[in-house]
Amino acid sequence: MKYLFLLSFTFIFQIIYANEGVKCDFEEVYQDGSTQFGHLLFNDGLLRYQYLENDLFTIIFNKNYFVIRNDNRSVVNRLEDDEILNELKQILINYPNNKSSYSKDDIKIKIINSKKFEFPKRISINSDEVNLSIYFINCNFEEIPERFFQPFSLSNITE
């Protein structure tokens, strides 16, 4: 009986967790010591990766990748495919069932899980293109409306 209760509790937790998205602040730290800050939203396979700096951009995944300028909200580019973004998205989709490291072609990724919340604390990405660590801070699990993932009518995260 206690196993049935444990199994039921685990199943219910997975259903609740699957219906929630995650919202985190992030800090990117590059090999030269420079940093960038922003927000990450992820819900049901949809991704929003938004830098705080007005002269940078927001990346949206909603069937395709879109790069949107923060200063005027215009779509700069529609990316057909991006290997690093695809790997990040897969890590988020598969969490917590990830390995601690991945290697694919010229990309090496390491994942360190948080002890404070059920999400990665740090993802390290090393490739020919980029060497950086992404730190996830202040993560909250909540329902995230789909409007935050619409590239052509980009809603402000603080709305």
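Computed values, structure above
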read-out	value
Per-residue HN-Hα couplings for region 118-130 [Karplus 6.51, -1.76, 1.60; θ = phi - 60°; Hz; x = Gly/Pro]	7, 6, x, 8, 8, 10, 9, 10, 10, 8, 5, 7, 8
Amide hydrogen neighbours beyond the local backbone of N70, cut-off 5 Å, H modeled	L56, F57, T58
Amide H contacts under 5 Å for G21, placed H, 5+ residues apart	E142, E143, I144
Long pairs among K63/K108; K89/K121; K89/K115; K63/K99; K23/K63; K23/K116, criterion Cα-Cα beyond 23 Å	K63/K108; K63/K99
Karplus-derived HN-Hα couplings along region 53-69 (A = 6.51, B = -1.76, C = 1.60, θ = phi - 60°), whole Hz, x at Gly and Pro	4, 5, 8, 9, 8, 10, 10, 10, 10, 8, 6, 9, 8, 10, 10, 10, 5
For region 24-36, 3J(HN,Hα) per residue [Karplus equation, 6.51 cos²θ - 1.76 cosθ + 1.60, θ = phi - 60°, Hz, x = Gly/Pro]	9, 8, 9, 10, 9, 10, 8, 4, 7, x, 6, 9, 9
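A short reminder: the numbers here are calculations on the coordinates, not readings from a lab. This one's a predicted model, so the numbers in the text were calculated from it and none came from an experiment.
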